[in-house]
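Note sheet for the following structure.
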Amino acid sequence: MGVAFLRKVSKVTRQLKLLTFLSVQTTPVTLETLADHGSVSTKTISSDIDDLNVLLKLKNVEIVKGRGKGTYLKNPHGQNVSAISSEVLAKQDGIQDLSREYQIFQQLFILRRTVSYATLSETYFVSKTSITTLFKQFSETMKPFKICFTYSNQGTKVVGAESQIEEYVVNYVAQQCLLSADQRLKTLNIEILPYFFEVPVVNSVYQHFKAFDQLLRDPLKREYRLNLYLGLLVQSAMIAQKIHVEAHEDVLMNKLDDLQVYSLASSLVEPIERDLNLTFSTNDLDYLNSQLIAHGVSAAIDNGMVQEQYKRFVSESITQMSKIMHVDLTDDNQLYNGLLSHFPPMLTRLNLGISIKNPFLKQIKEQYSILYNATWYVFTAFFTDNQLLINESEISFLMTHFQAAIERLDQLTKVLYVSPERSTISDISYAKIRKIIPRNIILERINEEQFLNLTGRIRVNMIISAIALPATHNRVLKISALVTNEDLKMIAMAFLEIGEAKQSQLRLGRSPHISALVQQSQIFLNTTCTTQTEVIHQIVTPLLTKQMITENCEQSILQRELMGSTAVDNMVAIPHAEASEVIESSLSIMTLVKPIDWGGREVRTIFLFCFSKKDMSAIKGVLDDLYLIIKHPECIEQLLNLKEPMVLLKMLRG
C-alpha cells in the first residue's frame with residue numbers, strides 16, 4: 001500500500017515539476033531536455049504531457065508537442081500556472097486509473113477505433129490481463145443495450161445499432177458524472193467530459209441546451225437534464241464523424257403527437273449545426289425528437305415570451321378552426337398553449353429563412369388533407385399581414401396541434417386496470433397490457449382499496465381486473481395476476497369490439513353541397529391551357545368581372561402555389577385563394593385536354609375554391625364532398641369525359 005502511494009505521489013510531483021518548468025521557458029524545448037530534467041524517458045514525458053492536457057483543456061491551457069519545433073506551454077490568457085497546477089494535479093491524483101479507462105472507452109465507443117490488447121497495454125503501461133478485465137467489465141454493461149465486441153486479426157471493435165451504441169455511451173458517461181464523493185471522483189459535475197469529447201463540442205452543446213432548457217415552461221428535472229444533454233452531446237460528436245443513427249419505421253398515426261415536439265428538436269440543433277458545421281439528418285432529428293419526448297419535453301414554451309398580438313391571434317385561429325371543422329376547440333388549453341409555444345421558434349425560423357422539413361409531410365397531405373388545407377386557410381392571413389413566407393412543413397406542424405385536439409374530443413377510450421398491491425408482478429402485467437392496446441387509449445392503474453373507495457358510476461369504457469370485484473355497471477374483464485397469452489387475446493378482442501361499436505356510431509355529416517358554390521360560368525371543360533398560370537388566370541377572370549374577388553386574388557393564388565404545390569392524387573389540383581381577397585365564395589372546376597405540370601406533378605383536373613371570411617364554416621363540408629370525388633379515380637375519369645357544363649351541374653345537384 002505504501003509503495004503504491006509513493007509511486008502515485010512521485011508521478012504527480014513529476015508532472016507538477018514538468019508543468020512548472022515549461023511555464024518559465026521563453027522558447028520551445030525538446031522532449032529529450034524535458035526527459036533529462038525529470039530523470040525519465042521521453043516516452044514517459046510524452047505520456048505525462050498527454051495526461052496533463054486532458055485536464056488542462058478545462059482551463060484553456062495546452063502543452064503543445066511540436067514535431068521538430070520543440071514543446072511549449074500554450075497559455076493564451078496568461079493564467080496563474082501555480083494555481084492551475086495545484087488544482088489540476090489535485091484532480092489528477094484521484095483519477096489516474098479512471099483516466100486510462102476513459103481514454104480506452106473514448107477510442108472504442110466514441111472514436112470507433114479498432115484496438116488491440118497489446119497496443120493498449122503498451123500505451124498505458126498496464127498488463128494485458130488488466131486490459132482484458134476492463135473489456136469484460138464493458139461487455140457486461142453492454143448486454144442490456146444489445147451491442148457487443150467483435151474480434152478480428154486487426155483487433156477489437158464495438159458493433160450494434162447506432163442508436164443503441166449512443167444510448168450506452170450516454171448511460172456510461174452519465175454514471176461517471178454522477179459518481180458520489182466517496183467513490184472514485186471528488187466532484188459531481190461535467191468536468192470529466194473533455195476525457196470523452198472535444199471541448200468545442202462540449203461547450204457549444206452545453207450553451208445551446210442550457211438556453212433551450214430555460215425556454216421550457218416546465219424546466220427539466222435534474223436527472224432528465226443531464227441525460228438529455230449527454231444524449232445531444234454524444235449525437236453531435238458522432239455526427240461530427242459522419243456517423244448517423246439508423247431509420248426507425250413507424251406508422252403516421254403514432255407520429256402525429258411526436259411532431260408537435262419535432263420543431264423544438266429542430267430549433268435546438270440549428271445553432272449547434274452552425275457552431276460546429278454539422279448536419280443532423282432526418283433520422284438524427286427523429287431520434288432526438290423521440291429522446292425529447294421520452295425525457296418529458298412537451299411542445300410548451302414559457303408564454304411570457306410571446307407577444308400579446310400572438311396570443312390574440314392564436315385564440316382567433318382556434319375559434320376559426322372550430323367553425324371550419326364543426327367542433328368546439330375553444331376550451332382546449334393544451335391546444336392553446338401548444339400553439340402559443342410553437343410561435344416563437346417558428347417565427348424565428350421564418351424571419352431567418354431557416355427551413356425545417358417535416359419527414360411525414362407527404363403522408364399528412366394525403367391522409368389529413370382536409371385539416372391540412374383548413375390550416376392553410378386559418379393561418380394564411382396572419383403570415384401575409386406579417387410579411388412572412390410560410391411553407392408546407394410549417395403548416396403541417398401547426399396542423400398536428402389541431403389534429404391532437406380533435407382526437408382528444410373524440411370520446412377517448414378509457415380503461416381501468418385494477419391490480420393487487422404494487423409489485424413487480426403487477427408492473428409486468430401493466431406493461432403487457434399497455435403494450436397491446438392503442439396509444440390513444442387511456443389506461444389507469446389502481447389497487448383494490450382505491451377501487452372500493454370510488455363513488456358513483458365509473459366513467460370508463462372497460463375495467464380489467466386481476467382480483468374479484470363487486471358488481472359494477474361497467475364491463476369487467478377478469479384476468480390472472482400474471483397476465484397470460486390467453487388474457488392478452490381476450491383483451492385484444494374486447495378492444496376490437498369497442499372499435500367496431502364506435503365506428504357504427506359515426507354519421508356522415510353533410511355541409512352545403514358543392515353545387516351551392518358552382519355556377520355554369522365557373523365550369524371549364526376540355527380546355528387547352530398549357531401552364532398553371534394560364535389555368536388560374538382563365539378561372540379567376542369571370543370571378544373578377546362579377547366582383548366576387550379582389551384584384552389581388554389571382555396573385556394570392558399564385559403565391560400560395562409558390563409556398564407548396566396544391567396537386568393531390570389522381571392528377572387533381574385544389575388551388576385556393578386567401579379569404580381576405582374573396583368577396584363572395586365560389587368553387588370553379590376545370591378539366592384539361594392534356595396534363596400540365598403543377599409544381600412537379602401532372603394535373604388534368606382543377607378545383608379552385610374561394611371562401612370569404614363569412615363562409616369559413618362551409619370549408620369542411622365542401623372539402624369533405626370534394627375529397628369523396630378526388631379519391632375515386634372513376635369519378636375523375638367520368639368528369640374528364642363530360643362535354644357540357646350543364647350536365648356536370650345536374651350531376652352535382654343530384
Inset, instruction - Show the residue pairs that are 6+ apart or on different chains and have beta-carbon atoms under 6 Å apart, the first residue being within the stretch 544-566 and among the charged types (D, E, K, R), the second being buried (at least 16 other Cβ atoms within 10 Å of the Cβ). - result: 554/540
Legend entry - Check on residue 46, of a type in the set (Gly, Ala, Ser) and modelled with pLDDT of 75 or more: yes
Inset, instruction - Working carefully through the options 218, 286, 275, find the one that is acidic (Asp, Glu) and at pLDDT below 80. - result: 218
Inset, instruction - Select from the stretch 123-149 the residues that are at pLDDT 90 or above, outside any helix (DSSP H, G or I) and open to solvent by 50 Å² or more (accessible area, probe 1.4 Å) and list them in ascending order. - result: 148
Inset, instruction - Would you be able to say whether some residue in the stretch 188-210 is of a type in the set (Asp, Glu) and modelled with pLDDT of 75 or more? - result: yes
Inset, instruction - Among what's in the stretch 150-164 and is open to solvent by less than 20 Å² (accessible area, probe 1.4 Å) and either part of a loop (DSSP other than H, G, I, E, B) or among the β-branched types (Val, Ile, Thr) (or both), pick the residue that is farthest from residue 231 (Cα to Cα). - result: 156
Inset, instruction - For the stretch 77-91, indicate whether the set of residues that are modelled with pLDDT of 85 or more, open to solvent by less than 40 Å² (accessible area, probe 1.4 Å) and at negative phi is non-empty. - result: no
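Yes or no, residue by residue, for (1) acidic (Asp, Glu); (2) at pLDDT 90 or above; (3) surrounded by fewer than 21 Cβ atoms within 10 Å (Cβ to Cβ):
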position	(1), (2), (3)
545	no, yes, yes
551	yes, yes, yes
564	no, no, yes
580	no, no, yes
Inset, instruction - Say whether the condition of being small (Gly, Ala, Ser), modelled with pLDDT of 60 or more and surrounded by 15 or more Cβ atoms within 10 Å (Cβ to Cβ) is met by at least one residue in the stretch 519-531. - result: no
Inset, instruction - Could you tell me which residue of the stretch 447-468 is modelled with the lowest pLDDT, considering only residues that are out of contact with any Leu (no Cβ under 9 Å at 6 or more places or on another chain) and within 16 Å of residue 481 (Cβ to Cβ)? - result: 447
Legend entry - The lone exception for residue 358 - which of (1) at pLDDT 80 or above; (2) among the polar types (S, T, N, Q); (3) open to solvent by less than 30 Å² (accessible area, probe 1.4 Å); (4) outside any helix (DSSP H, G or I) it fails: (1)
Inset, instruction - Just one of (1) open to solvent by less than 40 Å² (accessible area, probe 1.4 Å); (2) at pLDDT 80 or above; (3) among the acidic types (Asp, Glu) trips up residue 51, so point out which. - result: (2)
Legend entry - Considering residues of the stretch 608-654 that are in contact with a Pro (Cβ under 8 Å, 6 or more places away or on another chain) and assigned to a helix (DSSP H, G or I) only, the residue surrounded by the most Cβ atoms within 10 Å (Cβ to Cβ): 622
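The values are calculated or read from the model by the stated rules, or taken from the named source; none is laboratory data. All values derive from a computational prediction rather than experimental measurement. Positions of Cβ are backbone-derived with ideal geometry, glycine not excepted, and every protein chain shown enters the neighbour counts. We work out accessible area using only protein heavy atoms, side chains counted, and drop any ligands, DNA or RNA first. Shrake-Rupley method; radii C 1.70, N 1.55, O 1.52, S 1.80 Å.
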